[in-house]
Structures are given as C-alpha cells and as structure tokens.
Amino acid sequence: METFDYNLKLIIPEMFLFVWALVVIVFDISSKRRNSDSVGYLTMAGLAITAVLLYNFHGGISFNNMFSSDILALFFKVIFLGSAFMAVGSSFGLASDKIKNHRGEYYGLILFSTVGMMFLSSSNELISLYVGLELTTIPLFVLAAFYKDKKTSVEAGMKYLIVGAFSSAVLLYGLSLLYGFTGTTDLTMIKINLSLLFLSAGKIGPGLILAIVMIIAGISFKLALVPFHMWAPDVYQGAPTPITAFLSVGSKAAGVVAFARIFVHGLIAFVDPVMKPLDWGIIVAVMAAAAMVVGNITALRQHNIKRMLAYSSIAQVGYLMIGMVAVSELGIASVGFYMFMYLFANMGAFAVATIFEDKTGSSSISSYKGLSKSAPALSACMAIFLLSLTGIPPLGGFAAKYIVFAAGIQAGYYWLVILGLLTSVVALYYYANVIKTMYFSDGNSDLKINIHPAARLVLVIGVIGVIIFGIYPEPILNFAMESAALFALP
Amino acid sequence: MLENAYLIPIYPLLAFVIIIFATRWKEKLSSAISIAAILVAVIHSIFVMIAVIGRHGVPFELSVPFIEHPLISLETGIFIDPLTAVMLLVVTIVSGCVQIYSLGYMHGDPRWSRYFSYLSLFTFSMLGLVVANNFFMIFIFWELVGLTSYLLIGFWFEKDSASDAGKKAFITTRIGDLGFIIGILLLATYAGTLNYQEVFTKVADGAVPVGVLTMIGIFIFCGAVGKSAQFPLHVWLPDAMEGPTPVSALIHAATMVAAGVYLVARSMTLFVGSAEAAMTVAVIGLITSFMAASIALVQNDIKRVLAYSTVSQLGYMIMALGLYGFDVAKDPHSHSVGYFAGTFHLMTHAFFKALLFLGAGSVIHAVHTNDIQEMGGLSKKMKITSLTFFIASLSIAGIFPLSGFWSKDEIVAATLGHPVFMFFTLLIAFITAFYMFRLCFLTFTGKPRNQERFDHAHESPKTMTMPLMFLAFLSVFAGWVGMPWLSHGFSSFVYTGELQHHGPNYIVMLVSTIVAVSGIGLAYTVYFKKKISADVLMEKFKPLYTLLLNKYYFDEIYDKVIIKPLLAFTRMMWWSDANIIDGLVNFVGWFTIKWADAKMLFDKYIIDGAVNGAGTVCMAASWLFKYVQNGSVQFYTLVVITSAVGVIIYKVTPEGFVYYFIGVVVVALARFLMKMNRPEEGNVETEPEG
C-alpha cells in the first residue's frame, strides 16, 4: 500500500445525508416532538438535497479503490433515495399517531440505512461492502420492531435480527474464504488473482465452492431468494408498513448491487459452464426459478395484503435474477431497469396499504371490499400499481419484465423465461383478486379516507413513474445500459 | 377553355345532384336546371372545338394521379383531341335537343324531375366517357352509361316489358363489358399502363406481342359489341325501345350506342397492330349491318324499324373502322378512308338518327301507337314532323347533298379493295333506302288506316318541333364539313396515323346515289303508288319474310340455347341446394351439435379438469409452502443450512447429493407427520379463508 488517497468530495452526498439524519433527530427532540409533519418534510428535503448533491459529486474512485462513485452506484443510489423518499412520504400517518414519541429516531434510522445502502453500492472491495451491508441492515432491525407495543412488530424485528445476523455470519465466512484464496479484498484484484490461480493450478479446489455458496446464501438473505426467503413474510407482515416497503425495495436493491459487484464483477469467471462445478450461474438460476414458483404460489393463499406483497416481492426478485444470471450488458441493465420500475409500483402499492391501514387499522384483503366506491382515486392507484407488478402493458412492469425476459432469452435461459411467463399467469390471479375485491365486491361505502399531501405526492410519483416509463422507457433504459457498461460484459 | 374542359361533364353532374337533393319537388325548376347545365356544356364544347382546331391536331391532356403503385398507376384526367372535341359537340347538342324536346314529350309525367336528373346523369357519364384519358376512367364511365341506360329504359317500370327490357339491356351489355375489362387487364399487364397515349406509344413500338395484341383487341371490341349492339349481342337494343322515345333518341341512337364505335376509333392503334383483330371487327360490323337492315325491312313498329336501322348503321361504322385497321395493318401507307368514314358517319348519324327518333316520338305522341299499319296520311296533320322526318330519311338514304350522303359515300369508299364488303355495303345502302321510305310512306302518306287515331292526331307543341327543326338543319348541313373538296375538312381534322387527304371519288358517289335512289324508287312503287302489292311480295317470300319478322329467331335461339338451359341448370342447382346441400348442411349441423356435445364433455372433464387441476395444484402447493412457513426462526435457519449444504454437496459430488436429498426428504416427512397437528406460531396467518 503506497499512498492512501482519499477524495472526500466523492462522499459528500453520503456525509451530508448522515449529518442530516442527526439533524432530523436533534430537530425532533429540540422541537419537543410537537410538529408531527415538519420532521417528515425535513427528512424528505434532506433526501432531495442528497439527490442534488449526488448529481454534482459523482464519478471517480477514492479511498484506495474502496469507494467507487461510478455510474452503476449512481443508478442504484437514485433507487435508494427514491425508495427512502417514498417510504418517508407514506409514513406521515404513523408519525402523527403511532410513533409520535419517536419520530426523529424513525426518520433518522431510515436515513442511516439509506446511507449504508449508498456506501454499499459504491464499495468495490469486500470489507467496505460488508460494512455497508451492516450499516444498511442494523437500522432496519430497529425499524422493523418499531411498534414496540405490538407483538407482531417486535417478533418481526427479532426474527429479522436473528436471521440477519446468521446471514451476515455466513456471508462473512464466505468473504473471508475468498480473501484466503486470493489474498486481497479488492474485487478487481480478486478477479485477476483468481484467473491467475486458475491458469497456474489448472483448477481451484472445493474450498472456492464453499466460498461461492456461502456468499450466495448471505446475499440471498438480503434479497429473500428461495430458500433464504423464509424470514421475509413474517418480517414484512409485522413491521410498520412503510418500513416493509423500504425493506422490499431499498434493501433488496442493496442486495442486488452487492450481488452484481461480487459475482458479475469479481467472480465473473465462474459463471461459465466450463467452470463447472465452480459456476454460480446455475445455482442462482435454480434459486430464481424456485423464487418465482414459491413466491407466486404461496401468495395465492394470502389474506393479508402485506404478506401477499411479501410473497409477491419474493417472486419479483426471482424475475429480476433472470437478468442477473444472463450476465450480459442487457441483463445487468434489465436488472437495474426492473428495480426502477419495481420501485414505483411496489412503493406505490405499499403506500396505498399504509394509507388504508392508517384509516381502518386493517391490512386484510377482504377489508378492501368496495374501496372503489368510497375512495376511487386510491383504488385506481392501487389497481395501476398491481397491474404494473403483474406486467400488464403499457405500464412499467411490463416493459421491465419484457426486457428481463429478453435478456434471459439472449443468454439462452429459455426454461427460466418460460417458467417466468407461466408463473406470471399465477401472479395475475392474486393481484387481480385485490382489484376484484376493490371494484366488484360491495362493502363499506361510507368510508372516508383523507390522504395526507405527502402520501399524495408518493402516489402521484408512483403512478406517473409507472405510466410514463411504461410508455417511454427509453431514458431509464439508457441510464441502466450505461451503468451496465461498467462491467464491460458482452 | 381547354384547360378547364373537365368542367364539361361536371355541369350535368351538378344538375343531377341539385335536382336529386334540392329541387326534386319543383318540376319546372328541375328541368330548367338540367337544360341550363347542358346549354352551358354546349357552349363550353364549342369553345373547346375552336381551341382544338387552333391546336392543329396536337392533343391536350390533363392528368391527376389517382392511385400510385409500383405495378400500375391509375390516374384520372382528360384527353382532348379532335375526335373528343367532335364527340363532345355531338353529345351535348343531341342531349340539349332531346332535353328540350322532352319538355313537350314528357308533359305530365309523374316522375318528371327524376327523368331530367337521369338525363343529366347520363349526359355526365357520356361526356366523362368521351373526355377520359385512360382505359380505367373510360371503363368507369362505360359502366355509368350502362347504369343510366338501364334506369331510363326501365323508366316506366310499371310496364313489365319496360323493366324486362332494362334488365335485358343491362345484362347483355354486361357480357360485352366482361370482355372489355379482360382486355383492359391484359393491357395493364402487358403495357404496364392504362393511359391512352402511353399505351398507344408502347403498342406502336411493338412492346406487346402481336398474339396478345389480337386478344386485347378482340376483348376490347367485346365491350363495343355489347354497347353498340353488334352481332351477336344486338338483341337488347330493339327491346330498349320500351323507354321513353327521347331517351331512345339520345341514348340508343345518337350517343351511348356510339360509344362502342368511339372506343374502337379511340383504340385504333391496337387494331392497326393486329390485322386479325381488325378483320374480326370489320366482319362483325358487316354481319350486324346486313342482318339488322334486313330485319328492319319487315318490322311494323316505328321505333323498332329505327332501332334496327341504328344497329345497321352502327355496323356500318364498325365495319369501316375495322377495314381501316386491316388496310393499315397490311400497308402502313394505305390510303384507306375507313377511319375518317367511321367517325364522320358517327357524327352525321347521330344527328339524323336522333331526328328520326324524335320525329317518331312526335308521331307516337300524336297517335298513341307505335304500329305503322295504324298510321298513314299523317303529313296532312303534322307538317313539320313529316317534313323533318323526310329530310332525315333522305339523309340516311344518302341523297346528295344531305349529310348522310357524304359519310355513307366515304364508307363505300372505305370498302374499295374488298369486293365482298363493297357488294354488301351497297346492298345494305339499297335496303336502308327502301325500308326508310317504306316507313315514311306508310306513316305520312296515303289514306289513314285508323281513322280514329288519325282524327285524334295533331302537330306536336313548339318545344318538340323546335329541336326537330334544329336537328333537320344539322342533318342537312353537318355533313358538309366532310365534303371531299374541302382541303381542311373533317378528314384532315379527325385522323389517326398519317394525315391523308382524299380527293372526291366520283364513281363511288355515282354508284351509291344510284343505289339509294333505286331503293327509294322501289319503296315509292310499292308503298306510295302501290304498283306492286306488298302482300304479294310477302306471300312470294314467305319463309324469308317469316325469318325476318322473327328477327332471325335470335331471341328464340338465345332462349333455347342459353336461357332455358341456364334456367334448367339453376333449377337443378336449386334442387341440389334444397336437397343435397341443405341436407349436407343439416347433417353437418346435426353432427356439429353431437360433436359439440362430445366436446363439451371433453371440455368439462379434461380441459376444465386440467385448468381447475392446475389451479388446485397451485392451491395445494400454496398450502404446502404456507405450512412450511411455520413461523419458527429455528426452522428457517435449518432450511437455510440444509439448502446451503445441499448446494455444496451437489457441487462437489453430484452422486452424493442424491443420498443427501433423499435423507432430507425422509427427515422432513417424518417431522411433518409428527408435528402435523401442532398449532402454528407467530405471524403465520390464522385468519379464516374467505
């Protein structure tokens, strides 16, 4: 190690957001927790300012290759900020009611977790990656258990903590094995060293298999890929709904970017079937297939909208991983694009669930009966989000699925794509079931739902994103293609 | 005036539209509009004629693309050369005369406005046909005149005979039109264009093989055969006399039936390219002409005599054109006058034949019958009508110096070098003179054979006699433009190929005059002086008389050979429809129902079973997965470790994975059986289904 170069300019957005989180907490305490809305608006403003800073300070490598502010990181940071923004925006109802004594902590923790995600997406090195992952996850443990009087919420936090710790341990074990084989934590160096090792020795022993499987398992926890998904429904159901949304989008996106960094960049050599039995492609493909099947089919029998969305998000990650295992420029771009569309649709759907839950206290699907009469706009938003998640043209979800499947076909994963298509049909059933309940069942029609302006903003962002980028996906897709070009894949 | 000549057809079209949509209820106004439109068209046509004369034979063309396609481009436009200009004048003048005449003739008709609107529509169609610059457009207008002809023949559709005649005319001409469109399609295929000038240039350059050209010529001639009532499709024209007499004058004497002649003249380049096609045209023309003239000898219906006369004269023109084509095909520098003769006769014939029909209409208007055996001595009561009728008869007989003389003379001249044609042409000229004066003498001279009708008779009103006089004027003088002594007459105005100027042929003039005078003399002897009894002649030539009276049995032959077998065939088809086809259909229906029943069972149990089965399987799997999700974190981590270990084992030793997998399944089953009744823990949903 010659000189330790650090370019603080590159981490200005992260530092700002970190400081802002402290400001939010202090503001809440100093204002004696009276202003229920201003804390939330302050948080949203911080996220918006971070986005502006991000736009101004990106591009470059710092801290001896540990922090890479490249375009892939930028793309995912936009998603993180977006999901945090939408989660905060839909939290105003809880903030004024259920968590009124801990608003600052609630918003601050969301921001801390976001900072973690941002560091994670920029890390080009195992240690910083791991630290970023922990910084992402630990605030989420707390947030999941934020309704400390509620048994389910506490249980959710507890389960998330145990499983999260377990997965972190597994991941760390895998990472240390990798370090042992290559003698470096720098992903680019790992790539080079492994190639050299492979060339000189002819083969690499089963130890690397252990490392690969461990890392896959560890990251799959974050992604909730089958069979490492089992914590997700319980946690999603118990956690405060905006946190569930944040978990299902932000934390997943973090997992995706970590996976892309380690496997598509560092272990790129081991996706080739020639590398059998070292290739990780087939393992991930099978896991993606299992995720699509288990996620979609289990969702069929759910009666709680959050739990249903939890299973649906398990399935969505399955679709997303088709693009990942394609290991092509189009594949990685499709993953990014899918995540972007998923951000709008899923955050939107959870926002509707939050608004509804704030008003009625119920998250059961059957309580949505006749919602189209009492709250037509809300129902219409929900219908649009769910149809986008199903992948109905011309909404964003369709374009996303289309591109992911196109990448899969390009890479020759026909069976995976066909399975994806078939399970999409199954998915339609449970998504449409909600729409049916809202539109074609009679229910409590004198329900009055006032949507908070911030939540309204979230819904509008979601609907516009889903529709505009569904019809005109060009800008996002080009952005994703540019970021995917980073890995110099075929 | 030439640039906006496309307006000439538009005037009557506007009249038609205005009458139909606006002024239908105001009869006087409707007819006024119609006549005003045609008068404007006449004036415009005169200006066009002047402009065309000024251009010294250079045609004027205006074309607008209609459909652009790589294979063929269709266009709409106008093409005006001397022939077009002549046709425009003829059509507009005759149409104008007829419309004015109709004011008197149709007096009191309940469908007055409709009549005039139809006349306007016809005039529009006919003018459009004349100015069209390509075969596509001419075909459209060709069909339009057919339609208006149908409408006007059947104008008094209460009469069965009228509506039948309309149908007959429409269907018979349609047979010819089929040939016409085949010809057009062949032309489009081989020449790649339908524009007259482009087609003719290509044909003249030899772009179309001669064999194909013969086919195209004959097919296009089929259209002319139908429209101009040539053998063997001539049968509709006599029946078409069921329409109002002015209509017969306009459509079935002067203009529409001349469209066939116009078509042949227009497409002369095609016939010049194929001597066979040209000879076919000439032969058909001669047969038609002779046959029709001979039938006209014995008919007693005044309009039918004129109708057969028309057919005969059209045959004349066609023959002349055909002979021209043949002569030029054989020798490009031939001095044949056929083209000039045919088109010239077309013009003169239009005037005197329209006059004859209108005169006949005047007579019918007076005595309310068509049968000449019930007339006689009418010249005493109808001075103008009889005088003009005699002038027209002299003209058609070819008496110097009436217009018919000049044109008929040229037709005879056109047969020079074809002895058979010449013989028959002179024979026909003789017959024509005879039957025309038979008609004149029987109608206007002698004693009235039906006193009651005679007493009732009166001269027609001014609106009818004025057109008669005007047309009589034209019948005398219109032919003078074609006098062989003129160095810039008709022959050097309307021509195709090389400009040829022909001097007068005095021998031909003399012979044809002798023939005409002897025909008139014979008629005078038989029907005026009654030196020879017509009845005796009738007895003497009984079989021939019967044959002619029955028009060579054409209608009967068609009835026996075509219509009866066709009806029998259709009856057979009807029977087979009713029994075999319907039986089959009913069987298929019955079978389909049974088959559907079977399929319903299949659908119900197999397909629905599969669909519901898929659903059930999904639901069952869902239940299983849901059961596995038992809420226990310890179990979750167990699954994780089991899976991870499984993957590692699979990667290291795929065979060992099989044992591992079996072991896991056994343990899982055992656990499942042991703990099946254990209540679920934690967040696992306990809500009832609903």
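When segment B:218-231 is limited to residues that are over 13 Å from the mean Cα position of the chain (by Cα) and modelled with pLDDT of 85 or more, the one that is surrounded by the most Cβ atoms within 10 Å (Cβ to Cβ) turns out to be B:Gln230. You will find that of A:Tyr414, A:Tyr431, A:Tyr439, the residue that is touching a helix residue (DSSP H, G or I) at 6+ places or on another chain (Cβ under 9 Å), free of Cβ contacts under 8 Å to residues at least 60 places away in the same chain and not hydrophobic (A, V, I, L, M, F, W, C) is A:Tyr414 and no other. Scanning segment B:442-463 for residues that are crowded, with 18+ Cβ neighbours inside 10 Å and in contact with a Leu (Cβ under 7 Å, 6 or more places away or on another chain) turns up B:Thr443, B:Phe444, B:Ala457. Checking segment B:274-287 against the condition returns a match, with at least one residue being crowded, with 24+ Cβ neighbours inside 10 Å and without any contact (Cβ under 8 Å) to a residue 60 or more places away in the chain. Considering (1) assigned to a helix (DSSP H, G or I); (2) in contact (Cβ under 8 Å) with a residue 60 or more places away in the chain; (3) among the hydrophobic types (A, V, I, L, M, F, W, C); (4) closer than 17 Å to A:Phe356 by Cα, the lone condition that A:Ala399 does not fulfil carries the number (4).
Residues checked against (1) β-branched (Val, Ile, Thr); (2) within 17 Å of A:Ala383 (Cα to Cα):
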| position | (1), (2) |
| --- | --- |
| A:Tyr439 | no, yes |
| A:Leu447 | no, no |
| A:Ile464 | yes, yes |
| A:Ile476 | yes, no |
| A:Met481 | no, no |
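Can you name every residue in segment B:363-377 that is surrounded by fewer than 17 Cβ atoms within 10 Å (Cβ to Cβ) and of a type in the set (S, T, N, Q)? Scanning segment B:363-377 gives B:Thr369, B:Gln373.
For (1) touching a residue at least 12 places away in the same chain (Cβ under 8 Å); (2) of a type in the set (S, T, N, Q); (3) under 30 Å from A:Glu482 (Cα atoms), each residue gets a yes or a no:
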{"site": "A:Leu42", "(1), (2), (3)": "yes, no, no"}
{"site": "A:Phe57", "(1), (2), (3)": "yes, no, yes"}
{"site": "A:Asn64", "(1), (2), (3)": "yes, yes, yes"}
{"site": "A:Ser69", "(1), (2), (3)": "yes, yes, yes"}
{"site": "A:Phe80", "(1), (2), (3)": "yes, no, yes"}
{"site": "A:Ala84", "(1), (2), (3)": "yes, no, yes"}
{"site": "A:Phe112", "(1), (2), (3)": "yes, no, yes"}
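Residue-level analysis places A:Ser91 outside the set of residues that are within 14 Å of another protein chain (Cβ to nearest Cβ) and touching a residue at least 12 places away in the same chain (Cβ under 8 Å).
Count of segment B:456-479 residues, restricted to those that are in a helix (DSSP H, G or I) and closer than 16 Å to B:Ala392 by Cβ, is 16. Exactly one of (1) in contact (Cβ under 8 Å) with a residue 24 or more places away in the chain; (2) of a type outside the set (A, V, I, L, M, F, W, C); (3) in a loop (DSSP other than H, G, I, E, B) is unmet by A:Arg34. Its number? With respect to (1) in contact (Cβ under 8 Å) with a residue 24 or more places away in the chain; (2) of a type outside the set (A, V, I, L, M, F, W, C); (3) in a loop (DSSP other than H, G, I, E, B), A:Arg34 is out only on (1). For A:Ser328, indicate whether it is away from chain B (no Cβ under 14 Å), surrounded by fewer than 24 Cβ atoms within 10 Å (Cβ to Cβ), touching a Phe, Trp or Tyr at 6+ places or on another chain (Cβ under 7 Å) and not aromatic (Phe, Trp, Tyr). Taking the combined requirement at face value, the residue does not satisfy it. Output the residue which, of all residues in segment A:291-307 that are more than 9 Å from chain B (Cβ to nearest Cβ) and among the hydrophobic types (A, V, I, L, M, F, W, C), is farthest from A:Val317 (Cα to Cα). Residue satisfying both the conditions and the ranking: A:Ile305. Within segment A:414-433, the set of residues being over 23 Å from the mean Cα position of the chain (by Cα) and away from chain B (no Cβ under 14 Å) comprises A:Tyr414, A:Trp415, A:Ile418. Can you name every residue in segment A:442-462 that is part of a helix (DSSP H, G or I) and either over 19 Å from the mean Cα position of the chain (by Cα) or free of Cβ contacts under 8 Å to residues at least 60 places away in the same chain (or both)? Passing the criteria: A:Pro453, A:Ala454, A:Ala455, A:Arg456, A:Leu457, A:Val460. The sole residue among B:Val517, B:Val536 that is among the β-branched types (Val, Ile, Thr) and at pLDDT 85 or above is B:Val517. Across segment A:158-179, the qualifying residues are those that are under 18 Å from the mean Cα position of the chain (by Cα) and among the small types (Gly, Ala, Ser), and the one among them that is nearest to the other protein chains (Cβ to nearest Cβ) is A:Ser167. No other residue among B:Val64, B:Val58 is farther than 30 Å from B:Ala360 by Cβ, among the hydrophobic types (A, V, I, L, M, F, W, C) and in contact with a strand residue (DSSP E or B) (Cβ under 8 Å, 6 or more places away or on another chain) apart from B:Val64. For segment A:298-305, the condition holds for at least one residue, the condition being that it is surrounded by 24 or more Cβ atoms within 10 Å (Cβ to Cβ) and either modelled with pLDDT of 90 or more or of a type in the set (A, V, I, L, M) (or both). One residue alone among A:Gly238, A:Gly218 is over 17 Å from B:Ile641 (Cβ atoms) and either facing chain B (nearest Cβ under 10 Å) or at pLDDT 90 or above (or both), and that residue is A:Gly238. Of the residues contained in segment A:197-207, one or more are found to be touching a residue at least 24 places away in the same chain (Cβ under 8 Å) and more than 14 Å from chain B (Cβ to nearest Cβ). From the list B:Gly359, B:Gly325, B:Gly342, the lone residue that is small (Gly, Ala, Ser), over 13 Å from B:Ala265 (Cβ atoms) and either within 25 Å of the chain's Cα centre (by Cα) or part of a helix (DSSP H, G or I) (or both) is B:Gly359. With respect to (1) surrounded by 24 or more Cβ atoms within 10 Å (Cβ to Cβ); (2) within 14 Å of chain B (Cβ to nearest Cβ), the lone exception for A:Met341 is condition (2). Residues that are exposed (fewer than 15 other Cβ atoms within 10 Å of the Cβ) and not small (Gly, Ala, Ser) were ranked within segment A:437-448; the one that is farthest from the other protein chains (Cβ to nearest Cβ) is A:Lys448. Taking segment A:134-152 as the range and being within 14 Å of chain B (Cβ to nearest Cβ), assigned to a helix (DSSP H, G or I) and at pLDDT 90 or above as the test, the residues that pass are A:Phe141, A:Ala144.
Each row is one residue, and each column tells you yes or no for (1) buried (at least 24 other Cβ atoms within 10 Å of the Cβ); (2) within 29 Å of B:Leu537 (Cβ to Cβ).
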site	(1), (2)
B:Ala354	yes, no
B:Phe357	yes, yes
B:Ser379	no, yes
B:Ile396	yes, yes
B:Ser403	yes, no
B:Ala413	yes, no
B:Pro419	no, yes
B:Phe434	yes, yes
B:Cys440	yes, yes
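The values are calculated or read from the model by the stated rules, or taken from the named source; none is laboratory data. Please read all numbers here as calculations on a predicted model, not as lab measurements. No Cβ is skipped: glycine too gets one built from the backbone with ideal geometry, and neighbour counts run over all protein chains shown.
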